[in-house]
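Working notes, structure below.
Each value in this text was obtained by applying a stated rule to the coordinates, not by laboratory testing. Remember, it's a predicted structure, so these values are computed and weren't measured experimentally. Neighbour counts run over all protein chains shown; Cβ positions are idealised from the backbone, glycine included.
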Amino acid sequence: MEYGFDIAYVYKYIPKLLSTLDLTLLIVAGAIATGLIIGLLVALPRLYNVPVLQQLSKVYVSFFRGTPVLIQLFLFYYGLPEILKLIYIDVTKVPVLYFVILTLGLNAGAFMSETIRAAVTAVNRGQVEAAYAVGMTGYQAFTRIIMPQALAIAVPVFSNLVIAMLKETSLAFTLGVMEMTGKAQSLGALSQHFLETYISLAIIYLVISMVLERILLVVERRLQRHMRRDAAPRRSWFGFHRRVPPLNRLTRELNLDNKEVPRYEA
């Protein structure tokens, strides 16, 4: 029996798919939180050049960045219980949701570690040395100088990772987790309107991705407000806004590039 395309099913299935949205967002939140913790722990040995741990971090990052997420899900869900049985630990009754969050978190941690390492190393070393020169401790220099700038650098990459993680949750249904993709598969099998079901699913994913993108863009602009200081508007006496010219233009207009800076010797 053939079923023709019916647009009514698209609107009909959107509320049904949204009923499992909380589970999808739970997987995203759990994986991102796990990835942040693991990514920081993996990035530290490479930032401080710890000999043995540095090599282990490289192996970890290479494995999770170089293998498909679906294969990782199967390896951890079917392989981890067998390995733990060797040390008499039984995890066969652990819900499959925890395996999904753990696997996606480990995968996200590999990308997080590279993002953290790149963001920290992108901060000018001279600023850290200046912080030490004025008497700051290592902790103060990291929290006040390095971390604010590193966060501003890492947010755009972090935004892409969050959206990618949202889409990768669709693989959880291969292990039986009834999130949005699993629900769509069940609805399509019952009604035989697969096209309408997946159109509804695509619309939901698109809307959620756009909302997350806008939220993370606001966070990015908030963290990078100090980097747009040259373009900040100033209010004149008559209430009109004017923009302060950047420093390099002021230097060019005052012809300071061709003037010799006097030197003073003690």
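Tabulated data
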quantity	calculated
Calculated from backbone phi, Karplus (6.51, -1.76, 1.60) coupling profile of the range 69-74 in Hz, x at Gly/Pro	5, 4, 5, 4, 4, 5
VAL207 versus GLN224: modelled label distance in nm, points set 7 Å from Cα along the beta carbon direction	2.9 nm
Relative compactness, the range 1-82, computed as alpha-carbon Rg over 2.2 N^0.38 Å	1.74
Stretchable slack from ILE37 to VAL157, in nm (0.36 nm times residue separation minus alpha-carbon distance)	41.5 nm
Label point distance in nm, PHE142-ASP6, each placed 7 Å from Cα along Cα→Cβ	6.0 nm
Förster-model FRET efficiency, 35 Å R0, LEU47 and LYS93, C-beta, rounded to 0.05	0.35
Rh (Kirkwood; distinct C-alpha pairs) - the range 37-185, Å	17.6 Å
Between the range 177-225 and the range 52-119, the Cα center-to-center distance that results, in Å	25 Å
Under 25 Å from the Cα of LYS167 - lysines, other chains or at least 8 residues apart	LYS12, LYS16, LYS183
Zero-based 10 Å bins, Cα pair distances in the range 38-120, whole percents	18, 40, 31, 10, 0
